[in-house]
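A short worksheet on the structure shown next.
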There are 2 protein chains.
Amino acid sequence: MLFDLPTPGFSFELLATLGNARAGILHTPRGDILTPVFMPVGTLGTVKAMTVAELEAPPLDARIILGNTYHLYLRPGLDVISAHGGLHGFSGWRRPILTDSGGFQVFSLAAINEIDDDGVTFRSHIDGSKHRLDPETSMRIQATLGSDIAMVFDQCPPGDANADVHALAIRRTTAWAHRCLATTRPSGQALFGIVQGGTDLDRRRAHLAELAALPFDGLAIGGLAVGESLDDTYRILDAFAHELPADKPRYVMGVGTPTDLARGVAAGVDMFDCVMPTRNARNGYLFTSTGKVVISNAKYRLDTGPIDAECPCDTCRTTSRAYLRHLHMAREILYNRLATLHNLTFYARTMRALRDRILADGSKA
Amino acid sequence: MLFDLPTPGFSFELLATLGNARAGILHTPRGDILTPVFMPVGTLGTVKAMTVAELEAPPLDARIILGNTYHLYLRPGLDVISAHGGLHGFSGWRRPILTDSGGFQVFSLAAINEIDDDGVTFRSHIDGSKHRLDPETSMRIQATLGSDIAMVFDQCPPGDANADVHALAIRRTTAWAHRCLATTRPSGQALFGIVQGGTDLDRRRAHLAELAALPFDGLAIGGLAVGESLDDTYRILDAFAHELPADKPRYVMGVGTPTDLARGVAAGVDMFDCVMPTRNARNGYLFTSTGKVVISNAKYRLDTGPIDAECPCDTCRTTSRAYLRHLHMAREILYNRLATLHNLTFYARTMRALRDRILADGSKA
């Protein structure tokens, strides 16, 4: 079933469903994204340690990556990216890019931030310089970055926020969503809305009711994996994800572990992003079909086998656990490359396996 | 003209000469090495930041890399490398490897070292543990590493050493050379001798006279680029390199800049190694056909051109100076990869250009 999305050039093709789980294709002007999909995070114009060619090459074959508006706005700055015609020209990545709005980083990273109904004033975590971000500014930055999917500027409260904070955040997020929609986006840039509401299901439903009818190209669940318990995360995912409009892609922001992804897919989510596979790789945590490998463990010192015998990535095809352990212990750059390639491939394979199962066992949509 | 070398499977084919400069092929059981050649340094079982596939792929096409006996002996340790059948199996590199003897690092890096006529006792620069290195131990380690070319264990005095130190170092280096030759090497492992003598030409000649007749597969000039003036380096290279036996490859250890390489080739040198292209890359210094690029320089902030418009490497074909500057300033791992690939490609192209000129303008050998 093919659903046209509001932005020309974008459509969402639902191929099959299995319970709440969905398999589909998000068609974009820069290429097709097979869903469910995990999106590697490219914070500063690079998925850390990876080249564009490695990200594109099968079996990793990343179809879309993330860029962070807050980080790129501060470094290298918009004039630098603009000189290259946008983030694609700057980074050399030719497939779709999704950019966040910068809001989450302003709240979590900036040295000082003062939020009001109109936007946020903050100081850079790098040099303390003062900046202002509001819906129009965020959209203007995302236009300069030239992302394929922009996100609305939202307020994301921490996991332990009280009801008043959530109520205010929802009111602002809805108002800001309207302001983002009112801006003129570059052609070929879709816009996703973000549902907040924390771990209260009724609050989530009430906020969704405000956003569902707006002409977004997709909807995201924000404000999960921000400090709440895993039980709460799963409770909201299970009960709520399938209530998002069925004719648009559904995206859960900043989630998560391989188990989280499986749970999210079962709940009806189509898109995920998280720094976990890349950051864990650099910290020595490798994902495998038989569980986590902590590569610094002394038991791998003489282990001549691959990280994961089932994995087709170049790292597993050409290097041993002992070699990777040695590179990790010696802080060699090559370790970060090989480990990142493996973990991202593991995530990509996990998503493809879930997708294949939905296509094989599900009902044609 | 084809010269058989003492070790079965190794031969040196001299193709052309131009003045003292030579173009040839060092044939080895693991493949041909086109000379003159620059050998990237793979200290700890990895040419820093590079995969084996990247080193092998044209236009870099590295035909031989270095491994450091001292470093690999301490980390990961010989049992680990032995479990993989040697450094080739450990690192995945299939082409020739040259290993140094460990002597130079013991003198320059080890926390404490005590040298006597038999060998050196030292403490690890990593954990202070005590070790002993002598000619037989060095050869045993290099046998375990399974390198294609081993180097004799020598004593390399610093650039400001006096005549007594040099005399003693030469006496020991010759005695140790005999002891290294007396060991049983694994099949397919060649052995190079090392001429010491600092910046005194007569001392160099006297030492060479002791080594020239020994059944080495090649001879190296050690003890250059260890603190002496560049004038002294060039004076020794110019006057002495061509006096090394013409029927064996000539190797100058630890040299140097692109200018040094051109000077060394003109003087009759066939093989070079240096950490300069890899280390300088990581520190932000990039070599180009129009001079050095210090990538942190603010003038590259908006520069959308490649590092070197004449360079065919992937870095120059796909990224801008501004992008590399951004990655460097943000300390992104990808910067180290892209910069190292470029600098090593520049060195490889420099050597190939020199070789092509000798072949084109020189006399057939």
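Taking only protein heavy atoms and a 1.4 Å probe, what accessible area per residue, in Å², does chain A have with all protein chains in place?
36 Å²
Give the nm distances, rounded to one decimal, from A:Gly188 to the matching residue in every other copy, measuring between label points 7 Å along Cα toward the beta carbon; shortest first.
5.1
Just to be sure I understand: with springs between alpha-carbon atoms less than 10 Å apart, which residue in B:Thr184, B:Thr345, B:Thr290 has the highest mean-square fluctuation in the Gaussian network model of chain B?
B:Thr290
When chain B is turned about an axis onto chain A, which of its residues keeps its C-beta closest to that axis, and how many Å is it?
Value returned for chain B: B:Ile333, 3.
Report, in deg cm²/dmol and to the nearest 500, the calculated mean residue ellipticity at 222 nm for the protein assembly as shown, where each DSSP H run with n ≥ 4 adds -39500 (n - 2.57) and the sum is divided by the residue count.
Details: 28 runs with 282 residues, N = 730.
Computed mean residue ellipticity for the protein assembly as shown: -11500 deg cm²/dmol.
Kindly state, to the nearest 0.05, the FRET efficiency for B:Ser229 paired with B:Arg279, given R0 = 25 Å and r defined as their beta-carbon distance. List each step's numbers first, then the result.
Numbers: r = 21 Å, r/R0 = 0.86.
The formula returns an efficiency of 0.70 here.
Pairs of alpha-carbon atoms within less than 8 angstrom and 6+ residues apart define the contacts here; what relative contact order does region A:222-333 have, in percent? Can you show the working numbers first?
Details: 129 pairs, mean separation 19.2, N = 112.
Result for region A:222-333 is 17 percent.
Compare each residue of region A:321-350 in its chain alone against the assembly with all protein chains, and report those whose accessible area goes down by 30 Å² or more; 1.4 Å probe, heavy atoms.
Buried-area filter returns A:Tyr323, A:His326, A:Ala330, A:Glu332, A:Ile333, A:Leu334, A:Arg337.
Quick query: amide H of A:Cys274 versus all other amide H atoms, modeled in the peptide plane; which residues come in under 5 Å with a sequence gap of 5 or more or a different chain?
A:Met39, A:Val41
Tell me: how much accessible area in total is hidden between B and A, 1.4 Å probe, Å², nearest 100?
Answer for the B-A pair: about 2900 Å² buried.
With unit charges on the beta carbons (Lys and Arg positive, Asp and Glu negative) and the dipole taken about the Cα centre of region A:33-136, which residue among A:Thr46, A:Ile126, A:Pro58 sits farthest to the positive side?
Toward the positive end, the furthest listed residue is A:Pro58.
Are there any residues in region B:17-61 with a reduction of at least 10 Å² in accessible surface when going from the isolated chain to the assembly of protein chains? Probe 1.4 Å, please list them by number.
Listed by number, the residues meeting the 10 Å² cut-off are B:Leu44, B:Gly45, B:Thr46, B:Lys48, B:Ala49, B:Met50, B:Thr51.
Can you tell me the dipole magnitude for the protein assembly as shown around its Cα centre, using point charges on the Cβ only (Lys, Arg +1; Asp, Glu -1), in Debye to the nearest 20?
Details: 74 positive and 78 negative charges, 69 e Å.
Result for the protein assembly as shown is approximately 340 debye, rounded to the nearest 20.
If a/c stays under 1.5 just call it rounded; otherwise compare a/b with b/c (prolate if a/b is bigger, oblate if not). Do that for region A:100-206, with a ≥ b ≥ c from the square roots of the Cα gyration tensor eigenvalues.
Details: a/c = 2.02, a/b = 1.14, b/c = 1.77.
The shape class here is oblate.
By the scheme Lys and Arg +1, Asp and Glu -1, what is the net charge of all other residues having a beta-carbon under 15 Å from that of A:Asp117?
Combined, the nearby Lys, Arg, Asp and Glu give -3.
Rounded to a whole number, what % of the accessible area of chain A do carbon and sulfur atoms account for, probe 1.4 Å?
On the way: 6870 of 13280 Å².
The value for chain A is 52 percent carbon and sulfur by accessible area.
Quick one: Cα centre-to-centre distance for region A:227-267 and region B:235-278, in angstrom?
Centre-to-centre (Cα) distance: 63 Å.
Shortest first and in nm to one decimal, what separations exist between B:Arg331 and its copies in the other chains, measuring from label points 7 Å along the Cα-to-beta-carbon line?
1.0
Among B:Ile236, B:Thr183, B:Leu261, whose Cα sits farthest toward the positive end of the charge dipole of region B:139-269 (+1 at Cβ of Lys/Arg, -1 at Cβ of Asp/Glu, about the Cα centre)?
Ranked along the dipole, the leading option is B:Thr183.
For region A:263-308, what is the charge dipole size about the Cα centre, in debye to the nearest 20, if Lys and Arg each add +1 at the Cβ and Asp and Glu each add -1 at the Cβ? Please report the intermediate quantities before stating the final value.
Working: 6 positive and 4 negative charges, 53 e Å.
Once rounded to the nearest 20, the dipole reads 260 debye.
Between B:Pro258, B:Pro36, B:Pro96, find the one with the highest GNM mean-square fluctuation for chain B; connect C-alpha pairs within less than 10 Å.
Judging by the Gaussian network model, the answer is B:Pro258.
Rounding to the nearest 20 debye, state how big the charge dipole of region A:269-342 is about its Cα centre with +1 on each Lys and Arg Cβ and -1 on each Asp and Glu Cβ. Present the calculation step by step, with values, prior to reporting the outcome.
Details: 10 positive and 7 negative charges, 84 e Å.
Computed about the Cα centre, the dipole is about 400 debye.
Report relative contact order for region A:257-313 in percent, whole number only (criteria: Cα-Cα under 8 Å, sequence separation at least 6). Don't skip to the answer; put the middle values down first.
Working: 24 pairs, mean separation 12.1, N = 57.
Rounded, it is 21 percent for region A:257-313.
Tell me the net charge near B:Pro8. Cut-off is 13 Å between Cβ atoms, B:Pro8 excluded, with +1 for each Lys or Arg and -1 for each Asp or Glu.
Computed value for this residue: -2.
From the phi angles alone, apply the Karplus equation (6.51, -1.76, 1.60; θ = phi - 60°) to region B:221-235 and give each ³J(HN,Hα) in whole Hz, x where the residue is Gly or Pro.
9, x, x, 10, 6, 10, x, 6, 6, 5, 4, 5, 4, 5, 4
Which residues of region A:89-124 bury at least 30 Å² of accessible area once all protein chains are present, versus their chain alone (1.4 Å probe)?
Buried on complex formation: A:Phe90.
Put a label point 7 Å from Cα along the Cβ direction on A:Val294, then list its distances to the equivalent points in the other copies in nm, shortest first.
Nearest to farthest, the other copies are at 4.5 nm.
Give the long-range amide H neighbours of A:Phe3: residues separated by 5 or more places, or on another chain, with amide H under 5 Å away, using H modelled in the peptide plane at 1.01 Å from N.
It is A:Phe12, A:Glu13, A:Leu14, by chain and number.
Count the DSSP beta bridges whose two residues both fall in the protein assembly as shown, then state the antiparallel fraction as a percent rounded to the nearest 5.
Working: 56 of 98 bridges.
For the protein assembly as shown, the DSSP antiparallel bridge percentage is about 55.
Between A:Val106, B:Ala21, B:Phe272, whose Cα lies farthest towards the positive end of the dipole of the protein assembly as shown when Lys and Arg beta carbons carry +1 and Asp and Glu beta carbons carry -1, centred on the Cα centre?
The one lying farthest along the dipole's positive direction is B:Ala21.
Quick check on region A:212-365: of the DSSP beta bridges with both residues there, what percent are antiparallel, nearest 5%?
Working: 4 of 9 bridges.
Antiparallel bridges make up about 45 percent of those DSSP assigns within region A:212-365.
I want to check the label-to-label distance for A:Arg205 and B:Leu168. Put each point 7 Å from Cα in the C-beta direction and report it in nm to one decimal.
Calculated label separation equals 8.9 nm.
What is the sum of charges around B:Ala266, taking Lys and Arg as +1, Asp and Glu as -1, for the other residues whose C-beta is under 14 Å from the C-beta of B:Ala266?
Numbers: positive: B:Arg22, B:Arg235, B:Arg250, B:Arg263, B:Arg355, B:Arg357; negative: B:Asp238, B:Asp260, B:Asp270, B:Asp361.
So the surrounding residues net to +2.
How large is ³J(HN,Hα), in whole Hz, for each residue of region A:39-48 in order, when computed from phi with the Karplus curve 6.51 cos²θ - 1.76 cosθ + 1.60 and θ = phi - 60°, using x for Gly and Pro?
Whole-Hz 3J(HN,Hα) from phi for region A:39-48: 9, x, 9, x, 2, 10, x, 7, 5, 3.
On a straight-distance basis, which lysines could pair with B:Lys364 in a cross-link, Cα separation under 16 angstrom, same-chain partners fewer than 8 positions away excluded?
none
How large is the accessible surface of A:Leu201 in square angstrom, using a 1.4 angstrom probe and rounding to the nearest 10?
Result for A:Leu201: roughly 40 Å² accessible.
The values are calculated or read from the model by the stated rules, or taken from the named source; none is laboratory data. Computed from a prediction, not measured in an experiment: that's the story for all the values here. Here the Cβ is made from the backbone with ideal geometry for all residues, glycine too, and neighbour counts use every protein chain on show. We work out accessible area using only protein heavy atoms, side chains counted, and drop any ligands, DNA or RNA first. Shrake-Rupley method; radii C 1.70, N 1.55, O 1.52, S 1.80 Å.
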